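The values are calculated or read from the model by the stated rules, or taken from the named source; none is laboratory data. Computed from a prediction, not measured in an experiment: that's the story for all the values here. We place every Cβ from the backbone using ideal geometry, glycine too, and count neighbours over all the protein chains shown.
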Amino acid sequence: MRNTQILGIIAVVIIGALLGSVSTLGIIKLLSKTEPTLQIADDKDTHQTAEKIIPVSDKQNLNVEITSSRRNAIVEAAEKVGPAVVSIFVTQTHIYQQTNPGFGADFWNFFFLGPREYRRQVHSLGSGIIINPEGYILTNDHVVRGAEEITITLTNGEQYNGMLIGSDESFDLAVLKLVSDKRDLPYAIMGNSDELITGEWAIAIGNPFGYLLDDTKPTVTVGVISAVNRDIKPGARQKQVYRNMIQTDAAINPGNSGGPLVNANGEVVGINTFIFTSSQGSEGIGFAIPINRAKVIIGDLISTGEVTRSWVGLKLQRITPVLAQSLGLNKKSGLIVASIDDMSPAKKSGVKPGDVLLKVNDEEISNSSDWEEVITYARVGSTLTVTILRDKDTLNINLTPEELPIKNAPSYTDRFGLNVVTITKQLAGIYGIRDNRGVMIADVKENSLASSWGLQEGDIIRRINRTSIKDINDYKKTIENIHSGYKVLFIIERQGELYYLPVVL
């Protein structure tokens, strides 16, 4: 009886398997009579027959035109901007000082042996975007900072020397010029970064890891605009804060710096600048400088080689609830005018200490970052309409920014690469310097001997060895009497603190 049941079960399984085979064969046969379809992900009910699908093995058909379903907005945007993307190869010389190790190394070096100095040639790679047919190229300042030689590679493989026209470290932007007689180079169209929408397509094009030198076609990566108006401080040791940055998850890697971030219309909306990463590669958090910020300073960089800093002379203080209560203000946040520089545009216009800043050009000013953004991008000679609250009255006052007075102060550039200025009464007021004796460092020339000493723009030189420095004349006389190779002790003031800095000239 049991054997009969087992045989019955086996028979059912065999019959089921046979029926399944027949059924499967029937389905295969049925599908063989019907052409497969591809559903296009848009509003159109479009079908594509199997006859239009190109077999990889069919080499004779490889040049068949790509169907419209693949030639989407991203492809067209990349094709539109790609020819204007360039690779930038930079040669620099870095100066290193090897000091004697151990306790009190600085004083040992100063009084006895001195540090040994080494120079080493280094190379770096970045990207850029041609912005007009004459070969002007926009890129990051950090890509070309300190460059001694610049080589530009176009997407067609042609290579040219590059000339640095102008750069600015605080904006982290630079303009190069292709050394060529060509006047018909492919160039990109700049879009409007103020109109970006979070979630729209973002296309990063550039030269990651230097691959463009081997294959002249740039790399294209795609993501979305993750956020706008991000304020970022890239490193704990960096003073610079990048404001109003575009965040994207389009893959940005080393070598992409200076390349364009593009929208789906094929317009440049940003300059790829840096990423957050723990692996030296893309982790989906990249940042680009908005192109509208770049537009403001490109003219300055091309015409003068630097950004002309504007100044209005206002010192502002944040309004806290306690301050608002003590002053009888209804406004519980914002900025109040604490002081005004003498002979400043603000002083001339009639702004007074105690005025509460509400708006600039109809844009609300809620904090110091808002104000810094306004002043950073305000051009000399332009008009800023400032809305203030004075007592209970709301007033509109026009300010005309002027050039930062440091540019007009008496200056001197020494043979080591330091440019210093006299600390005028006006400069002392602007920078909060209590004692105007000494000289202020206005600039440290890149790749100069002075650039290896650790001196910074804004430092005040108070003494050199045993000599007090009262003004430009003292500095010039002292520094010119010191021969190269001698050991020198600078006493400087930085942010109100005194420091000893031993160097070898």
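Specify the residue that is farthest from Leu489 (Cα to Cα); the eligible residues are those in region 462-476 that are of a type in the set (D, E, K, R) and touching a strand residue (DSSP E or B) at 6+ places or on another chain (Cβ under 6 Å).
That would be Asp471.
Going through region 421-436 one residue at a time, which ones are surrounded by 15 or more Cβ atoms within 10 Å (Cβ to Cβ) and assigned to a loop (DSSP other than H, G, I, E, B)?
Ile423, Thr424, Ile433, Asn436, listed by residue number.
Please go through region 384-421 and pick out each residue that is of a type in the set (A, V, I, L, M, F, W, C) and at pLDDT 90 or above. Break it down stepwise before answering.
Residues of region 384-421 that are of a type in the set (A, V, I, L, M, F, W, C), as a first pass: 384, 386, 388-389, 395, 397, 399, 404, 406, 409, 416, 418, 420-421.
If the condition is that a residue be of a type in the set (A, V, I, L, M, F, W, C) and at pLDDT 90 or above, then Leu384, Val386, Ile388, Leu389, Leu395, Ile397, Leu399, Leu418, Val420, Val421 are the ones that fit.
From the list Ala324, Ala346, which residue is of a type in the set (A, V, I, L, M, F, W, C), modelled with pLDDT of 90 or more and assigned by TED's automatic domain parsing to the domain that holds Gly381? Don't jump to the end; show me each part of the working.
Values: Ala324 fails: modelled with pLDDT of 90 or more.
Every option except Ala346 fails the conditions.
What is the residue count in region 230-248 for residues that are at pLDDT 90 or above and either among the hydrophobic types (A, V, I, L, M, F, W, C) or in contact with a Ser or Thr (Cβ under 7 Å, 6 or more places away or on another chain) (or both)?
Final tally of qualifying residues: 4.
Here is a list of conditions, (1) surrounded by 14 or more Cβ atoms within 10 Å (Cβ to Cβ); (2) free of Cβ contacts under 8 Å to residues at least 60 places away in the same chain, and Asp184 meets all of them except one; can you say which number that is?
Result: Asp184 fails condition (1) only.
Just to check your reading of the model, which residue among Val337, Val360 is surrounded by 15 or more Cβ atoms within 10 Å (Cβ to Cβ), touching a Phe, Trp or Tyr at 6+ places or on another chain (Cβ under 8 Å) and aliphatic (A, V, I, L, M)?
Going through Val337, Val360 in turn, the sole match is Val360.
Identify the residue in region 475-489 that is of a type in the set (Ser, Thr, Tyr) and under 38 Å from the mean Cα position of the chain (by Cα) and, among all such residues, is surrounded by the fewest Cβ atoms within 10 Å (Cβ to Cβ).
The qualifying residue surrounded by the fewest Cβ atoms within 10 Å (Cβ to Cβ) is Ser484.
Quick one: would you say Ile203 is modelled with pLDDT of 95 or more, crowded, with 18+ Cβ neighbours inside 10 Å and closer than 23 Å to Ala174 by Cα?
It is true that Ile203 is modelled with pLDDT of 95 or more, crowded, with 18+ Cβ neighbours inside 10 Å and closer than 23 Å to Ala174 by Cα.
Let me spell it out: the conditions are (1) outside the structural domain of Ile365 (by TED's automatic domain parsing); (2) touching a helix residue (DSSP H, G or I) at 6+ places or on another chain (Cβ under 6 Å); (3) surrounded by 20 or more Cβ atoms within 10 Å (Cβ to Cβ), and Asn272 meets all of them except one. Which number is the exception?
(2)
Can you list residue pairs whose Cβ atoms sit under 6 Å apart, with the first residue in region 242-270 being basic (Lys, Arg) and the second being outside any strand (DSSP E or B) and at pLDDT below 95? Count only pairs 6 or more apart in sequence or on different chains.
Within 6 Å, the pairs are Arg243/Glu373.
Conditions tested, residue by residue: (1) surrounded by 15 or more Cβ atoms within 10 Å (Cβ to Cβ); (2) closer than 19 Å to Ile430 by Cβ; (3) in contact with a Gly (Cβ under 9 Å, 6 or more places away or on another chain); (4) not assigned by TED's automatic domain parsing to the domain that holds Ile472.
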site: Ile365; (1), (2), (3), (4): yes, no, yes, yes
site: Ser369; (1), (2), (3), (4): no, no, no, yes
site: Val374; (1), (2), (3), (4): yes, yes, no, yes
site: Ala378; (1), (2), (3), (4): yes, yes, no, yes
site: Ser382; (1), (2), (3), (4): no, no, no, yes
site: Thr385; (1), (2), (3), (4): no, no, no, yes
site: Ile388; (1), (2), (3), (4): yes, no, no, yes
site: Thr394; (1), (2), (3), (4): no, no, no, yes
site: Ile397; (1), (2), (3), (4): yes, no, yes, yes
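Mind listing whichever residues of region 130-166 are over 18 Å from Pro260 (Cβ atoms) and part of a strand (DSSP E or B)?
If the condition is that a residue be over 18 Å from Pro260 (Cβ atoms) and part of a strand (DSSP E or B), then Glu149, Ile150, Thr151, Gln159, Tyr160, Asn161, Met163, Leu164, Ile165, Gly166 are the ones that fit.
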